[in-house]
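These notes concern the structure reproduced below.
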Amino acid sequence: MSGITLSPPILYLNPPDKALVLSVDEKSQIQALDRTQPILSLRPGLPERQTHDYQRHGTTTLFAALNVVEGTVIAECQPRHRHQEFLRFLDRIDQSVDPALDIHMVLDNYGTHKHPEVKKWLAARPRCHLHFTPTSSSWLNQIERWFAEITRKRIRRITFRCVRDLIGSIRGYVRHYNRNPQPFHWVASASRIIRKVNRYEQTSETAD
């Protein structure tokens, strides 16, 4: 889309000059869950105890863009994850990034990301470029690693009596995280990652 196509590993390891690379996705249907009984805190000789049944109080969708070099995150919660909400988040990204920089975004192949209105938005903003991961290669999108972090450290650790509380907690985590961001680094070698991506792409082309 937008005339430039690069694989995610190349973008991560060798980004274009005067450009910002963002790993972008949405975590949908995050539930505001409240346990049916209060959590029993840690006591001498006893671990923290909690029930395993919940009351559900609605959901939110977290849109997020990870700066793969600095580790900072642009994030916002929206009630749904249609192309309309995705466009609003793209506007947020466009407004947040230095106008002198091109923006290269790594995304998965979810239909919302390829909606005709999204293509129209891109055509009006030549500095913005979308690069899609191969099918079944969500691990290439580094924002998924950050989603795992916020889920483990915040969303699953706290109970929420309403969606507003859930959104407030997510925003608080993002603010705290951005004070001391930590970029994610690949454990595998670059050549190993690129070989794996090439195999996925060849398999995808054969299936088509």
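Throughout, read-outs are computed from the coordinates displayed, never taken from laboratory work. Computed from a prediction, not measured in an experiment: that's the story for all the values here. Cβ coordinates were reconstructed from backbone atoms using ideal geometry, including for glycine residues, and neighbour counts include every protein chain displayed.
Between D94 and R179, what is 0.36 nm times their sequence separation minus the Cα-Cα distance? Round to one decimal in nm. Display every interim value, and only then the final one.
Numbers: separation 85, 0.36 × 85 = 30.60 nm, distance 2.15 nm.
Gain on extension, D94 to R179, equals 28.4 nm.
Between L101 and R171, take the C-beta separation as r, use R0 = 35 Å, and let me know the FRET efficiency to the nearest 0.05. Numbers along the way, then the final one.
Details: r = 25 Å, r/R0 = 0.72.
Rounded to the nearest 0.05, the efficiency is 0.90.
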For N141, what residues show an amide H to amide H distance below 5 Å, using hydrogens built from the backbone and excluding near sequence neighbours?
none
Excluding same-chain residues fewer than 8 positions from K153, which lysines have a Cα within less than 21 Å of its Cα?
K27
If I stretch the segment between K119 and R82 completely, what's the gain in nm (0.36 nm per residue apart, minus their alpha carbon distance), one decimal?
11.9 nm
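Among 112-121, 161-170, what's the highest-first ranking by average C-beta atoms within 10 angstrom per residue? Present the calculation step by step, with values, prior to reporting the outcome.
Working: 112-121: 14.3, 161-170: 16.5.
Output ranking for 112-121, 161-170: 161-170, 112-121.
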